[in-house]
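The values are calculated or read from the model by the stated rules, or taken from the named source; none is laboratory data. Here the structure is a predicted model, which means the values were calculated and not measured. Don't worry about glycine lacking a Cβ; one is built from the backbone with ideal geometry, like all the others, and counts go over all protein chains shown.
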Amino acid sequence: MSAFHLDVHDAEVVAVENHREAKRLSLRLRMRDGSDALLEFSGVEDVELGPFREQNVLLDLYVWSASREGTSERCRELEIPARCTRAILAGELVLYEIDSSVGLGGYVLAKDARDADGRESNLSIECGR
C-alpha cells in the first residue's frame, strides 16, 4: 500500500458525486494553488455530510482506523453507529472525518480512499496536524 498525503487545508469542495450502487463517493476539490484534485472513497457504508453551501472550504481530513489511538473515542463523539464502530475497530472500515472551516463537513465510512492518481490513503496517512 502506498500512502499519499493530499494536503486539503483550504481546498474547496466544488462537487460531490454519490455512486450508490457502486458504493463510491467522490469529492472534487479545487486546491489552494488553483489545481483540481479528486478524492474518491470506495466501499462506502455510511455518509454524513452537510451543509453544502456556495463555498465549502476544508480545514483537514482525519483518518480514524483500528491502528490509530483514540479511534473508539472519536467514533463515540461523532455518534457513529455501534455496528460501524465495531467494523472500524476490526479493520474492516475506516472513518474519514472531513473537517471544514466553511460549509461541507462530516464523515465517510469506507474501505479506503484514493486520490486521482489511485494512491491509497487508508491506515497510513498521518492526519491531525
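Between Asp7, Asp60, the distinction of being charged (D, E, K, R), touching a strand residue (DSSP E or B) at 6+ places or on another chain (Cβ under 6 Å) and modelled with pLDDT under 95 belongs to Asp60 only.
Quick check on region 47-96: of everything there that is aromatic (Phe, Trp, Tyr) and in contact with a helix residue (DSSP H, G or I) (Cβ under 9 Å, 6 or more places away or on another chain), which residue is surrounded by the fewest Cβ atoms within 10 Å (Cβ to Cβ)? Step by step, filter region 47-96, then rank; the result is Tyr62.
Taking the residues in region 93-117 that are part of a loop (DSSP other than H, G, I, E, B) and in contact with an Asp or Glu (Cβ under 9 Å, 6 or more places away or on another chain) as candidates, determine which candidate is farthest from Val47 (Cα to Cα).
Ala116
Yes or no, residue by residue, for (1) of a type in the set (Asp, Glu); (2) under 20 Å from Leu38 (Cα atoms); (3) under 12 Å from the mean Cα position of the chain (by Cα):
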position	(1), (2), (3)
Glu54	yes, yes, no
Val57	no, yes, no
Val63	no, yes, yes
Gly70	no, no, no
Glu73	yes, no, no
Glu79	yes, no, no
Ala82	no, no, no
Val94	no, yes, yes
Ile98	no, yes, yes
